[in-house]
1. Within the stretch A:187-202, count every residue that is open to solvent by less than 10 Å² (accessible area, probe 1.4 Å) and either assigned to a loop (DSSP other than H, G, I, E, B) or touching an Asp or Glu at 6+ places or on another chain (Cβ under 9 Å) (or both).
2. Being among the hydroxyl-bearing types (Ser, Thr, Tyr) and closer than 18 Å to B:Pro269 by Cα is the filter here, so list the residues in the stretch B:333-376 that pass it.
3. Just to be sure, is A:Ala498 open to solvent by 10 Å² or more (accessible area, probe 1.4 Å) and either out of contact with any helix residue (DSSP H, G or I) (no Cβ under 8 Å at 6 or more places or on another chain) or closer than 13 Å to B:Ser439 by Cα (or both)?
4. Could you tell me whether the stretch B:390-398 includes any residue that is assigned to a strand (DSSP E or B) and modelled with pLDDT of 95 or more?
5. Give all pairs with beta carbons closer than 6 Å in which a residue from the stretch A:416-435 that is over 15 Å from A:Ala376 (Cβ atoms) meets a residue that is of a type in the set (S, T, N, Q); count only pairs at least 6 apart in sequence or on separate chains.
6. What's the total number of residues in the stretch B:188-202 that are hydroxyl-bearing (Ser, Thr, Tyr) and either under 25 Å from B:Gln251 (Cα atoms) or within 12 Å of another protein chain (Cβ to nearest Cβ) (or both)?
7. Identify, by number, the condition in (1) within 14 Å of another protein chain (Cβ to nearest Cβ); (2) part of a helix (DSSP H, G or I) that B:Gln421 doesn't meet.
8. Take B:Leu143 and tell me if it is out of contact with any strand residue (DSSP E or B) (no Cβ under 8 Å at 6 or more places or on another chain), buried (at least 18 other Cβ atoms within 10 Å of the Cβ) and not assigned by TED's automatic domain parsing to the domain that holds B:Ala453.
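The values are calculated or read from the model by the stated rules, or taken from the named source; none is laboratory data. If you're wondering where the values come from, they're calculated on a predicted model, not measured in any experiment. FYI the Cβ positions are ideal-geometry reconstructions off the backbone, even for glycines, and counts take in every protein chain you see. The protein model used for the area step is the full one, side chains on, heavy atoms only, and it has no ligands, DNA or RNA in it. Shrake-Rupley method; radii C 1.70, N 1.55, O 1.52, S 1.80 Å.
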There are 2 protein chains.
Amino acid sequence: MELGGPRCAGLVLLLLLISCGQGRGADPINIWPMPKSVTSGKQTLLLSNDFVLNTQGSKYPDSSGILKDGFSRFLQVLRASHVADSNSSYSSAHFPVCKGLHVVILSPNDKLQYGVDESYKLSVTALGAVYAYLEANTVYGALHGLQTFSQLCHFNFKARVFEVRQAPWTIIDQPRFSYRGLLIDTSRHYQPLIMIKNVIDSMAYTKLNVLHWHIVDTQSFPLEIPSYPKLYAQTRGINVLAEIDVPGHTQSWGIGYPSLWPSTDCQQPLDVSNELTFKVIDGILSDFSKVFNYNFVHLGGDEVNTNLCWLGSHYELLKKKGLNESEAYQYFVLRSQEIALSHGYDIVNWEETFNNFGSKLSRKTVVHNWIGSGVAERVVAAGLRCIVSNQDKWYLHYLDTTWQEFYMNEPLTNITNPKQQELVIGGEVCMWGEYIDGSDIEQTIWPRAAAAAERLWTPYDKLAKDPRRVTGRLAHFRCLLNERGVPAAPLNGPGRVAPEEPGSCYKQ
Amino acid sequence: MELGGPRCAGLVLLLLLISCGQGRGADPINIWPMPKSVTSGKQTLLLSNDFVLNTQGSKYPDSSGILKDGFSRFLQVLRASHVADSNSSYSSAHFPVCKGLHVVILSPNDKLQYGVDESYKLSVTALGAVYAYLEANTVYGALHGLQTFSQLCHFNFKARVFEVRQAPWTIIDQPRFSYRGLLIDTSRHYQPLIMIKNVIDSMAYTKLNVLHWHIVDTQSFPLEIPSYPKLYAQTRGINVLAEIDVPGHTQSWGIGYPSLWPSTDCQQPLDVSNELTFKVIDGILSDFSKVFNYNFVHLGGDEVNTNLCWLGSHYELLKKKGLNESEAYQYFVLRSQEIALSHGYDIVNWEETFNNFGSKLSRKTVVHNWIGSGVAERVVAAGLRCIVSNQDKWYLHYLDTTWQEFYMNEPLTNITNPKQQELVIGGEVCMWGEYIDGSDIEQTIWPRAAAAAERLWTPYDKLAKDPRRVTGRLAHFRCLLNERGVPAAPLNGPGRVAPEEPGSCYKQ
């Protein structure tokens, strides 16, 4: 047997060809998410077996190796499933050869931050002995360009070489929204580090750029503050939005600090009358600020039952300030916001904070919608920024929500004022952890999160009005994810559905 | 964020500790599959940060790097989820330090074959500044010993060092059966090469040693013969049993050779009256013999509908030889056996061949049971060898078959004669591909295949008579698989079940 060898790589993958015949039909453009602007042709180029990275003229020194590593991953992804045959009968006499990728980056700065320039231009001409050309303002735009280029490369099973079909290509691309998020939850179940890394790699394939890390919740407090950042995510252009959800969802805090419980028999929300509560929040955010350098921190604020625990005569603070329970909730959230601001963060809060006392929130607040539709329009009308995650469409643990619904969920619904549209910084799909763990997190996320990723990346006018028009292209991308080792589920059915009868990956 | 960094590795995994408390209870022995003989103590050793491989005195030159690569994988597996802190406050003054693993292999030969010696001895003393000691007759026994040793190593989250608990350890181990198989099917769905490699790696974790590759079937013929073997599987001690299933399940053959179809409207079984049929089989087995050097080849022979296609007056051969349809089936199978024997293979055939004309089969036949229980006793009574895969217990696509049923399925049921017991060479769990693909193959296989793996490895007397006695140990191993990136499903429920309410991996 020859796993890893040229013939056998073909062997396993040949099934794809045989069982799907010419699945690609009349040369559709199979890039996901669809770029802003694409033109292609009908010619084929061969990739040289020693396909190289050329950075001549680039202003980016790449001292941290982000580009070099990205290019290595690009080659690894191609070679993980196919091995080119250096003795291939294909001759450069018959086809032009692409010797490598020439990457020119205009900015030397590789600080990853909200709003970083992610645009790129990619061109693959069809002349002989050329380099494909990728230009970007930042290395993060270049990484997106590499992902797009990887989707132009196909393995020719007869010739045993990689080739770029449909050349010449000219692609000009940039994202529609700057915030394109995926939430993971490490509190409800153990999520293995390897799976989290896999999810981050897959996010890069789909051009998502924010990992919203719901670290702590009622069930556990698996929090240590990293002290030697390795920035695995940053090297892939993924920001990390850390969440410390207060004052609800905090029962686990009291395992270490029992006095944070209002009482032993009523353990959340956190004790609003105890100064230690805010000292601990300040300590955590102080530690966060040394590691999580995204300009937002998520303070939660959702599902706070103020009628629970915050009653009884021992609440000196409530009495003193003449606050009732719901006022105490506002007091808690606003004081927590002040602490976050003092550490240099802008704040993300779940929508209940806006729904209850939106006018009191810091103007640096981004309101995170989750309960339902129609919230974003109210938030931006009030002049605050918004992230859209309406649970009826973008919550991944609802397996009955289909990829078509994920695809069609439009963040700017009913928002026509351009200034208000700008306040919707993006959207996020949420993979809550109550009912998933390392055994099924990836196929619960993919391919549905990829459907939302196109909604967040591709210009509105280029999005399909009918999801049936992208089914073939998304199925092609789903098979590409499988080929890359990502267990994305079939499209035919609800989330995480098993494949139906035997047949082509492209048709399931 | 710090995926890959010491603190964050702890961060993600700390959840495990916190959410399950002291899940390990009173220091049970958490090794899967359970070795033949184990003694342990109560002391703890630290693993040195520069833990090394020492082969002094070994007679195995390791020119192919099988041992060296196996040791590297051992370190990778540990470090994939945890990073030791070289500045750890733990001092060797408090605990003895284990500097490395001393491996002594007695045979220079690393030919992997049926019946190769897989035994090993592993001892970890509790004296200071020592090497753990692993002795084996072959490198493949040493690989099993490395897998066992990896399960003795734990990460101490407070001290941030790896440690071996419960030392001193003395383990003497060898498999109960020489054939411990897993079937995969690349015909019904595309199985990505990366997933197949993952499955092979996972097989090594559970000490399974035969990948039965059902390559072609009715739906597709994804077969090329490797010409530059990379032996990915062999370097992990996994044999590959290639199957070419004839004369049924062959409709796909006619896509390339239409004359192998009895007629265009009746396309399987293969045309028994066409000499080309046997020429093609001979060609395939000739190619197999250059690559698949396991001493068995699988010729299928199952589910042959002799009343279909093999009728009609154009069957000169049948008429000439005076064969009826069922006799033609026997003729086909025996002639195919002769071809396999001429290429130096022993033959594995599915049980229908035995059920229909067992006395005619080559004495070099291994009968592969699948239909039901009770077959093995008839096969060995007839003096033939048998592999047990009764579908009611060991077919993985039946999701309602629980891990407890996989665990309790005993290959030697009703076989008491020691000579006859020896004819049962082992068993195999089968992952047929009709309803799985790259998105769910791994969690459909694990942990249930691991339950069968202990049945096939561990001495009968050490197997639990009640599966409840191994639930905690198997759950621990399931979490270990997750930690290693294998999406093994929870134990609470049928196959591939999603986890229940939030909680510890150890309890799901």
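1. Adding up the residues that qualify gives 9.
2. Listed by number, the residues that qualify are B:Ser336, B:Thr353.
3. yes
4. Yes: the stretch B:390-398 contains one or more residues that are assigned to a strand (DSSP E or B) and modelled with pLDDT of 95 or more.
5. Qualifying pairs under 6 Å: A:Cys430/A:Ser389.
6. Count: 1.
7. (1)
8. For B:Leu143, the condition - out of contact with any strand residue (DSSP E or B) (no Cβ under 8 Å at 6 or more places or on another chain), buried (at least 18 other Cβ atoms within 10 Å of the Cβ) and not assigned by TED's automatic domain parsing to the domain that holds B:Ala453 - is met.
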